[in-house]
Amino acid sequence: MRITIVGGGNIGTQFAVHCAEKNHDVMIYTSAPELYDNHLQIVDECGNVTHEGDIQKATSDPSIAFTDCDLVIATYPANVMKQAAAAMEPYISSETIIGAVPGNGGSECVFHRLIERGNTFFLLERVPAVARIVKKGSIVRATGYRDELHLAALPKSKAEECAALISSIFDMKCIVIPGILNLTMTPSNPILHTTRLKSMFEDYQPGVTYESIPLFYEDWTDQSSELLMKCDDEVQAICRALPEHHLNFVKSLRDHYESQTVEAMTAKISGISAFRGITTPSVEVNGRYIPDLHSRYFTADFSYGLSIIQQIARFAGVETPNIDEVMDWYQKIAVEKNSFCYADYGITDRESFDRFYLN
């Protein structure tokens, strides 16, 4: 197949390697193609090469990236996914399969014109493994590969085909789940990142600086776990209020991390080997630090993650005081005001919400 990966960051490089390793013709669509080698590698935590492959090229030209393409996988952060849709729309054919990862962030709405045109569209719930760039354009470290992936597609009749394709690329079981809303509601980064940031920087305002910044996961605290679990409980309440959407695949983070108490959650998250060494997004200012409000942890996971869950709660008639508290905190310090809004796609109430996701 001719496959284009949109985005050459952590996830995009990982996906490009796996596709190239399976002898597909792979291009990476990126704003900095000059940084990319043709030979890409994935290494483990010890630096051993686990996967490698040769891509055709990296390009910033959408006419090259998307013309005559069989499969496009968009790995942009949610807050710029609309740019990916706009870039490919003039060039891809209606036969091109389009995928996006991760599955939250409202991509099903962003790509609605292409879906209506007849393109098959799928979402992956989570990435296959935690990936971090070692050398931009050539090496990425990937650890903690999952046992299986979950996928949903529009139209639903194409889901098995998409799942088989992804399974063949990653040599991993890929399970079809009932509907895309299961992925939109998955409380991974939209709950995990946002509650952690709020508990770390609750006192932040312009002018406040910090002597040091804890590691994001290894220094996880009970305060972060408590807020995480409260917001996760609210997500489950939203799912119960939408029975016709069959949201049984929206797994509670309590179950995902096998932790039912605050203390167990803290021990679990802080001890995950794949999370070791991951820093908190921050900027040095005169020898001290402030949160990096331009990081995708802020710009994507609040405005295109938690905000979507909050809007769905309103459609479902569910009160979410803890999610509201986290969003209120973010809106006071946000430097980028763009955010996902269902109303932009004609979804303004429960009726229009149900019509979009159930039809």
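Points worth noting:
- Under 22 Å of direct C-alpha separation, and excluding same-chain neighbours fewer than eight residues apart, Lys230 reaches these lysines: Lys198, Lys251, Lys268, Lys332.
- Simple spin-label estimate for Asn48 and Ser31 gives 3.8 nm between the two label positions (7 Å along the Cα-to-Cβ direction from each Cα).
- Normalised by the number of residues in the chain, the mean separation of alpha-carbon contacts (under 8 Å, six or more apart) gives a relative contact order of 14 percent.
- The packing ranking of peptides 104-111, 329-336, highest mean first, is 104-111, 329-336, where packing means the average number of other beta carbon atoms within 10 angstrom of each residue.
- Close Lys pairs in the stretch 2-183, defined as Cα atoms under 27 Å apart and 8 or more places apart or on different chains, number 14.
- Note on Gln331/Glu89: beta-carbon distance plugged into 1/(1 + (r/R0)^6) with R0 of 41 Å gives a FRET efficiency of 0.85.
- Phi-derived couplings, Karplus 6.51 cos²θ - 1.76 cosθ + 1.60 at θ = phi - 60°, listed residue by residue for the stretch 193-201: 6, 5, 5, 5, 5, 5, 5, 7, 10 Hz, with x used for Gly and Pro.
- The chain, dipole about Cα centre (Lys/Arg Cβ +1, Asp/Glu Cβ -1), debye to the nearest 20: 320
- Mean Cβ count within 10 Å, highest first, over the residues of peptides 266-273, 191-198: 191-198, 266-273
- Alpha-carbon radius of gyration plus Dmax, which is the widest Cα pair, for the stretch 270-354 in Å: 16.3, 53
- Ranked by how many other Cβ atoms sit within 10 Å of their own Cβ, fewest first, the residues Met200, Met1 fall in the order Met1, Met200.
- More than 22 angstrom apart: percent of Cα pairs within the stretch 2-183: 39
- Footprinting exposure proxy for Cys162, Cys231, Cys46, Cys341 (fewest neighbouring C-beta atoms within 10 Å first): Cys46, Cys341, Cys162, Cys231
- Across the stretch 323-339, coupling constants 3J(HN,Hα) worked out from phi with the 6.51/-1.76/1.60 Karplus curve, θ = phi - 60°, read 4, 4, 5, 5, 5, 4, 4, 5, 4, 6, 10, 4, 9, 10, 8, 5, 7 Hz, and Gly and Pro carry x.
- Label corresponding to mean projected area of the Cα convex hull in nm² when calculated from the structure given, among (i) 18.7; (ii) 17.2; (iii) 34.0: (ii)
- About its Cα centre, the stretch 135-287 has a charge dipole of approximately 560 debye under the convention of +1 per Lys or Arg Cβ and -1 per Asp or Glu Cβ, with nothing else charged.
- Relative to its Kirkwood radius, the Cα radius of gyration of the stretch 113-268 gives an Rg/Rh of 1.02.
- Enclosed volume per residue, in Å³, of the convex hull spanned by Cα atoms of the stretch 81-132: 89
- Residues whose placed amide H lies under 5 Å from that of Ile139, excluding near-sequence neighbours: Gln41, Val134
- Backbone geometry of the stretch 78-89 corresponds, through the Karplus equation with coefficients 6.51, -1.76 and 1.60 at θ = phi - 60°, to 3J(HN,Hα) couplings of 4, 6, 10, 4, 4, 5, 5, 4, 5, 5, 7, 3 Hz, x marking Gly and Pro.
- Rounded D (µm²/s) - the stretch 185-358, Kirkwood Rh over Cα pairs, Stokes-Einstein at 10 °C, 1.306 mPa s: 93
- For the listed peptides 206-214, 310-318, 349-357, 75-83, a ranking on the average number of other beta carbons within 10 Å per residue, highest first, reads 75-83, 310-318, 349-357, 206-214.
- Extension gain, Ala343 back to Glu263 (0.36 nm per residue minus Cα-Cα distance, nm): 24.8 nm
- Computed [θ] at 222 nm, helices only, for the chain once each DSSP H run of length n ≥ 4 contributes -39500 (n - 2.57): -10000 deg cm²/dmol
- Summary value for the stretch 260-322: 14 percent relative contact order, contacts being C-alpha pairs under 8 angstrom separated by 6+ residues.
- What the pair-distance distribution of the stretch 1-105 shows, using all Cα-Cα distances binned every 10 Å from zero, is 16, 50, 29, 5, 0 percent.
- Between His150 and Glu125, Arg126, Ile175, the built amide H atoms are under 5 Å apart, and every one of these is 5 or more places off in sequence or on another chain.
- Across the stretch 201-359, C-alpha contacts under 8 Å between residues 6 or more apart give a mean separation that, scaled by the residue count, equals a relative contact order of 29 percent.
- Net +/- balance of residues flanking Gly9 in space, Cβ distance below 12 Å, scoring K and R +1, D and E -1: +3
Bear in mind these aren't lab numbers, they're just calculated from the coordinates by the rules spelled out. What you see is a predicted model, and the numbers here were worked out from it, not measured in a lab. Neighbour counts run over all protein chains shown; Cβ positions are idealised from the backbone, glycine included.
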